[in-house]
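These notes are about the structure you will find just below.
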Ligand SMILES: C[S@@+](CC[C@H](N)C(=O)[O-])C[C@H]1O[C@@H](n2cnc3c(N)ncnc32)[C@H](O)[C@@H]1O
């Protein structure tokens with residue numbers, strides 16, 4: 001199962017928001033324009049990052065429906081909902097998609113979620129959204145590219161192990177990890193959705209030291225889970241990288257945002 005700390009989601013939120021494609025948030029706003037009050041359902045909502053990213057763009061014309069399986073994160077989302085009208089559903093989306101349509105949404109959103117899911121689950125999601133004629137905005141799906149500057153001789157080894165960890169089961173069957181965005185886009189295209197797609201890479205700058213420290217520790221933890229015999233080397237890599245962060249190193253992580261629009265019927 002996946003577990004995400006509120007602390008990590010909070011540290012990454014400014015980097016997430018800076019990375020989101022403005023072209024796609026603009027396209028989503030344009031698509032909803034003129035519909036009056038709309039309802040958006042957010043999958044794997046966590047602490048509500050998508051609500052906070054989109055509220056300044058979509059204005060107050062949105063009723064939000066946030067779905068997550070983690071009570072503690074939904075409680076944080078309740079506290080940081082920016083006065084927006086929100087309903088919350090605690091649900092395990094791995095086993096049940098039906099909460100998606102309970103509030104008759106105009107579109108479904110998600111962020112940093114699709115890399116957790118399996119190909120079979122994505123197939124079910126695409127069938128579900130197709131059947132309900134629902135547009136889908138997915139931000140910040142990891143695409144397997146990542147790196148730091150300056151480079152370290154073990155970066156590639158650690159990232160290979162991290163990407164292998166990304167493919168392990170996060171509660172939905174074998175996770176797509178770095179292949180998620182491409183698989184999702186291919187499936188939506190096969191179901192005749194129109195796709196708008198943009199890169200949305202994280203850029204961890206010297207101004208994001210706490211974020212970079214947590215990111216690198218996460219890479220190390222994942223790498224050790226995959227290759228426990230290399231723990232000492234990975235620990236050494238992490239100390240070197242953390243020292244480099246203090247010397248103003250930078251890092252990036254590749255992501256994709258896409259908007260899938262169902263065919264006219
Ligand atoms: C990386 S976090 C992203 C959170 C938020 N969308 C954001 O961008 O900050 C992934 C989220 O998916 C949720 N999640 C994971 N598995 C889930 C499941 N089976 N059902 C519902 N939510 C799930 C986690 O609790 C977490 O909030």
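Values in this text are rule-based calculations from the coordinates and carry no lab data. Everything quoted here is computed from the prediction, not taken from an experiment. No Cβ is skipped: glycine too gets one built from the backbone with ideal geometry, and neighbour counts run over all protein chains shown.
Among the residues of the stretch 148-158, at least one is away from the ligand (no atom under 15 Å from the Cβ), in contact with a helix residue (DSSP H, G or I) (Cβ under 7 Å, 6 or more places away or on another chain) and in a helix (DSSP H, G or I).
Please find, among 141, 168, the residue that is within 14 Å of the ligand (Cβ to nearest atom), surrounded by fewer than 16 Cβ atoms within 10 Å (Cβ to Cβ), outside any helix (DSSP H, G or I) and within 17 Å of the chain's Cα centre (by Cα).
From the options 141, 168, the qualifying one is 168.
Is it true that some residue in the stretch 16-33 is near the ligand (Cβ under 8 Å from one of its atoms), touching a residue at least 60 places away in the same chain (Cβ under 8 Å) and either assigned to a helix (DSSP H, G or I) or over 30 Å from residue 212 (Cβ atoms) (or both)?
Taking the stretch 16-33 as the starting set, the residues that turn out to be near the ligand (Cβ under 8 Å from one of its atoms) are 16.
From what is left, the residues that are touching a residue at least 60 places away in the same chain (Cβ under 8 Å) are 16.
With either assigned to a helix (DSSP H, G or I) or over 30 Å from residue 212 (Cβ atoms) (or both) added as a condition, the list becomes 16.
Yes - at least one qualifying residue is present in the stretch 16-33.
Condition first: touching a strand residue (DSSP E or B) at 6+ places or on another chain (Cβ under 8 Å), free of Cβ contacts under 8 Å to residues at least 24 places away in the same chain, within 13 Å of the ligand (Cβ to nearest atom) and assigned to a helix (DSSP H, G or I). Can you find one or more residues in the stretch 2-12 that meet it? The answer is no; no qualifying residue exists. Residues in the stretch 84-119 that are touching a helix residue (DSSP H, G or I) at 6+ places or on another chain (Cβ under 9 Å) and without any contact (Cβ under 8 Å) to a residue 12 or more places away in the chain: 98 only. Only residues that are crowded, with 19+ Cβ neighbours inside 10 Å, free of Cβ contacts under 8 Å to residues at least 40 places away in the same chain and more than 8 Å from the ligand (Cβ to nearest atom) were counted across the stretch 41-54, and they come to 1.
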